[in-house]
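The values are calculated or read from the model by the stated rules, or taken from the named source; none is laboratory data. Just so we're clear, the structure is a prediction, and the values are computed from it rather than from any experiment. Neighbour counts run over all protein chains shown; Cβ positions are idealised from the backbone, glycine included.
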Amino acid sequence: KTLRPDFYLYPHFPVYFNSIFYAAYFAKNNLRKVASEKSIEPIVLAARNFDAGSPQSLYLQRGISLLLGLLCVFGVWLMARLFLSEIPALAAGLIFALLPLVLSFSTLAKNDIYLECSLVFSFYFMFRLTMTGKSAHYIWAAIFAAIAFDSKVDYAPLVFLALATLVRAAREEQSFADWFRDRRTWLAGLSALSGLFIFSPYYFIHWTKGLEMAGWVYAVSALNSYNHIDYHHWWLDRYSYCLVVLLPFLTGIPAYLSALAGFLERLVRLELDIWFVLIANFGAFTYGYLSGSGGTFPLYTFMHLMPFFAILSVWPLQLLWQKGWKKISLSLGLLLTASALLQAQNYYATNFQAFDQIGPRLVKKIPPGAKILGYSVYLPGPALAKFNYLRAWPQNLDRKAVESFNPDYILVYRSDFAGFEKFFRDSHPANARLQELLSGNWGYKETERLEISYFNSRFFKWLDPEFVIELVLLEKIH
């Protein structure tokens, strides 16, 4: 077979990790066959024939994702303890755990949760190596940076690792030559290279294929062509939009303002660890934009920021407590907790509520067994279980595919196309195809449109009238 540069098809770390759980599951259910036949062939056959869409597979993958999500929270708590006292560090971990993006990755995100988990621990050990200079921290930081690359071809942690070693060298007043000759620098480099090879042999050997996916290779040429969404409002500029609209939407307005205050406070004081936050911002807003943004919005952009955001949002509370303003600190802490809980509710409202609401209505309207083609990121759950439902990724919207499946109805979750409609209008065909579908040119007419309200939805709709969460049902024109 011809090799294709698709890291999902080749041995890499998530495959190894998943295989351990799958092997344990199959061994548990096939031990009698193994004992009677004195061969592990039953386990091998069961694994090969394992249906990725089966309930067992979903349960296993959810369990793995949840485990890695909990490890993420633990890693953020460890990192927070480097800068905060015990209770604020716990609060930072709680805020991180309730962020919709983290909840999403911790349910069934496959490679995304591997990336977030490896990012958190690579950042933690990079902080440690800048503080202590221990060789072990160099090695662990390099290993987790290699896992992060393998998960989503994310070069950013490797760049951050190099900068972290330079920061440590500066703290030890080393020259560049001393840094280059330092045994720890070589340990970090060799550990990273070894990790890249072990975790992803294909991309190590074919490194140019991975380089083609790095955002900075084509970001400069593509940046100016669709940098602005709306020239009449500054917050609808592409970069401002992410900071003024998307980030508060993902984190909650109180936590967003608190994190902004914490960031500015440390920036004014020029704390030595602020370099990392600046690098994370730079990496997220330059590297992450075009390399893995997806249709919903450039959410991968914020993966690098979430651990820092959680810590910075709690930082002002600790300062207020230390200055004797304990009641104000406690009040703000309760406000942040309430906001985090509302954000967790918003995760359900903005991703699943529309399907749960429209399901009973479709049961009355559509005959059982009707073919429905749905374009969304998430599976619709039990709401549409009575129908012959096929889910497709928004980026794969294609007229030939629609005609091939020939559905009776098409469900379009508009918010999952928002990134294509707003950020990638001219650079990705999904936007133009969606407009053709909605206009009736593909032989389907709109019969129902369900808009979802969520906490603070009026505010975000005021900022951007197009910022809506809605589900559109189209029926075949006979």
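Numerical summary
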{"read-out": "In the stretch 146-177, the residues that are assigned to a loop (DSSP other than H, G, I, E, B) and either surrounded by 15 or more Cβ atoms within 10 Å (Cβ to Cβ) or touching a Gly at 6+ places or on another chain (Cβ under 8 Å) (or both)", "value": "Val153, Asp154, Tyr155, Glu172, Gln174"}
{"read-out": "Residues located in the stretch 442-465, provided they are acidic (Asp, Glu) and over 15 Å from Tyr413 (Cβ atoms)", "value": "Asp464"}
{"read-out": "Residue list for the stretch 384-422, restricted to those being of a type in the set (D, E, K, R) and assigned to a loop (DSSP other than H, G, I, E, B)", "value": "Lys386, Asp398, Asp408"}
{"read-out": "Tally of residues being under 19 Å from Glu448 (Cα atoms) and modelled with pLDDT under 85 across the stretch 371-385", "value": "3"}
{"read-out": "Members of the stretch 102-141 that are among the charged types (D, E, K, R), part of a helix (DSSP H, G or I) and modelled with pLDDT of 90 or more", "value": "Arg128"}
{"read-out": "Positions within the stretch 442-474 being touching a Lys or Arg at 6+ places or on another chain (Cβ under 6 Å) and closer than 22 Å to Pro380 by Cα, in sequence order", "value": "Tyr444, Phe467, Glu470, Val472"}
{"read-out": "The stretch 378-431, residues that are buried (at least 18 other Cβ atoms within 10 Å of the Cβ) and either among the aromatic types (Phe, Trp, Tyr) or not assigned by TED's automatic domain parsing to the domain that holds Ile469 (or both)", "value": "Phe387, Tyr389, Tyr409, Tyr413, Phe417, Phe420, Phe423, Phe424"}
{"read-out": "Hits in the stretch 385-401 - residues which are polar (S, T, N, Q) and either at positive phi or touching a helix residue (DSSP H, G or I) at 6+ places or on another chain (Cβ under 6 Å) (or both)", "value": "Gln395"}
{"read-out": "Members of the stretch 93-150 found to be among the β-branched types (Val, Ile, Thr) and closer than 16 Å to Arg81 by Cα, listed by number", "value": "Ile95, Val120, Thr130, Thr132"}
{"read-out": "Subset of the stretch 437-473 (residues that are within 28 Å of Asn396 (Cβ to Cβ) and of a type in the set (Lys, Arg))", "value": "Lys445, Arg449"}
{"read-out": "Matching option when the condition is in contact with a helix residue (DSSP H, G or I) (Cβ under 8 Å, 6 or more places away or on another chain) and at pLDDT below 85, among Glu466, Glu446", "value": "Glu466"}
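Let's see how each residue does on (1) β-branched (Val, Ile, Thr); (2) free of Cβ contacts under 8 Å to residues at least 24 places away in the same chain:
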{"residue": "Val102", "(1), (2)": "yes, no"}
{"residue": "Leu115", "(1), (2)": "no, no"}
{"residue": "Leu119", "(1), (2)": "no, no"}
{"residue": "Ala136", "(1), (2)": "no, yes"}
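Results for (1) surrounded by 16 or more Cβ atoms within 10 Å (Cβ to Cβ); (2) over 17 Å from Gly419 (Cβ atoms); (3) in contact (Cβ under 8 Å) with a residue 24 or more places away in the chain, shown as yes or no for each residue.
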| residue | (1), (2), (3) |
| --- | --- |
| Leu438 | yes, no, yes |
| Asn441 | no, yes, no |
| Tyr444 | yes, yes, yes |
| Glu448 | no, yes, yes |
| Ile452 | yes, yes, yes |
| Phe460 | yes, no, yes |
| Glu466 | no, no, yes |
| Glu470 | no, no, yes |
| Ile477 | no, yes, yes |
